[in-house]
Amino acid sequence: MRGGGPRLPKHRLQKLGLVRLPRALHGFLPQPPPVWRRLQRLAEFQDGEHSRPRLVIQGEELRWRDPGPQAAEILVPGAGHWTKRWPAEHWITFLKALLEASPRPVEILGGPQEGDLAEELRRAAPDRVRTLCGELSLEESARRLVAGRRLLVGDTGLLHMADAAGVPGIALFGSTTRELGFFPAGPSLRVLERPEACRPCSHIGRDNCPEGHFRCMRDLSPQDVLAAYLDC
Ligand code: SF4
């Protein structure tokens, strides 16, 4: 007879092993499935060549193609957990420098919970920065991503939609790592991350930094991120 205690899903146990054991051992541990496979309920991510996802909305595959000189820079500043979010002051510094470096309009995507930060970003240049946080359905967000020139995003569901559609850009990773299955599967998004030994400190993200310094995100400087972003 089996024990009566609660049982964790298999991939959650795999992730806990990756959080608790030293990184040197991670290559020997079973890896949980990539996150996009667990997002099938949110959008139709379909298996593609070499097991990369494809983004299919209502039977139509969305693929990024160079959308021309008027296409927007897309920023997604939110994430489900605090340790996955780049600090607000970095977003503001980044945006101000981006507005000088690129003549394109800027669109901010995300949920209503990003509203305050998005509004602060919009105020940096109301004639060029538009916030759509909390206004779009998932399908509409996917279409905005694909229509954009490039993307700066954290570890969020929109990252995986952009990844599946081949949108170029930069993905910022803090407390979560490749081994946990959160990284993009395709080549269009370049990951920026820090080598802190404390990563990962959680299998999904946390509400604060247990070390107190939050170097995994704070040390991703806006200047370095902008240089990488403009290269995309
Ligand atoms: S700096 Fe280290 S401990 Fe702090 S949130 Fe990042 S990974 Fe976790």
For this session: Please tell me if V167 is more than 13 Å from the ligand (Cβ to nearest atom), within 23 Å of I108 (Cα to Cα), touching a Gly at 6+ places or on another chain (Cβ under 8 Å) and at pLDDT 95 or above.
Result: yes
Problem set entry | In the stretch 170-218, the residues that are farther than 29 Å from V106 by Cα and among the small types (G, A, S) | G181, A197, S202, G212
Problem set entry | Matching option when the condition is in contact (Cβ under 8 Å) with a residue 24 or more places away in the chain, of a type in the set (D, E), out of contact with any His (no Cβ under 9 Å at 6 or more places or on another chain) and surrounded by fewer than 16 Cβ atoms within 10 Å (Cβ to Cβ), among D224, D207 | D224
For this session: Among residues belonging to the stretch 170-183 that are over 27 Å from A71 (Cα atoms) and crowded, with 17+ Cβ neighbours inside 10 Å, point out the one that is farthest from the ligand (Cβ to nearest atom).
Result: G181
For this session: Determine which single condition R199 fails, assuming it passes every other condition in (1) in contact with a helix residue (DSSP H, G or I) (Cβ under 7 Å, 6 or more places away or on another chain); (2) under 30 Å from D66 (Cβ atoms); (3) of a type in the set (D, E, K, R).
Result: (2)
For this session: Working carefully through the options R7, R37, R2, R41, find the one that is modelled with pLDDT under 90 and either outside any loop (DSSP other than H, G, I, E, B) or buried (at least 17 other Cβ atoms within 10 Å of the Cβ) (or both).
Result: R37
Exercise. Which members of the stretch 201-232 meet the condition of being closer than 16 Å to L151 by Cα and among the aromatic types (F, W, Y)?
Worked result: Y229
For this session: Collect the residues in the stretch 208-232 that are near the ligand (Cβ under 10 Å from one of its atoms) and either within 24 Å of T93 (Cβ to Cβ) or assigned to a helix (DSSP H, G or I) (or both), keeping them in residue-number order.
Result: N208, C209, E211, G212, H213, F214, R215, C216, M217, R218, D219
Exercise. Checking V191 against (1) surrounded by 18 or more Cβ atoms within 10 Å (Cβ to Cβ); (2) at pLDDT 95 or above, which single condition isn't satisfied?
Worked result: (1)
For this session: Show the residue pairs that are 6+ apart or on different chains and have beta-carbon atoms under 8 Å apart, the first residue being within the stretch 157-185 and of a type in the set (K, R), the second being not in a loop (DSSP other than H, G, I, E, B).
Result: R178/V191
Problem set entry | Residues located in the stretch 68-93, provided they are of a type outside the set (S, T, Y), more than 17 Å from the chain's Cα centre (by Cα) and surrounded by 14 or more Cβ atoms within 10 Å (Cβ to Cβ) | A71, A72, I92
Exercise. If we keep just the residues of the stretch 210-221 that are charged (D, E, K, R) and in contact (Cβ under 8 Å) with a residue 24 or more places away in the chain, which is surrounded by the most Cβ atoms within 10 Å (Cβ to Cβ)?
Worked result: R218
Exercise. Quick check: anything in the stretch 148-155 crowded, with 22+ Cβ neighbours inside 10 Å and of a type in the set (V, I, T)?
Worked result: yes
For this session: Report whether or not G186 is assigned to a loop (DSSP other than H, G, I, E, B) and either on the phi > 0 side of the Ramachandran plot or buried (at least 23 other Cβ atoms within 10 Å of the Cβ) (or both).
Result: no
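The values are calculated or read from the model by the stated rules, or taken from the named source; none is laboratory data. If you're wondering where the values come from, they're calculated on a predicted model, not measured in any experiment. So basically every Cβ, Gly included, is an ideal-geometry build from the backbone, and we count neighbours across all protein chains shown.
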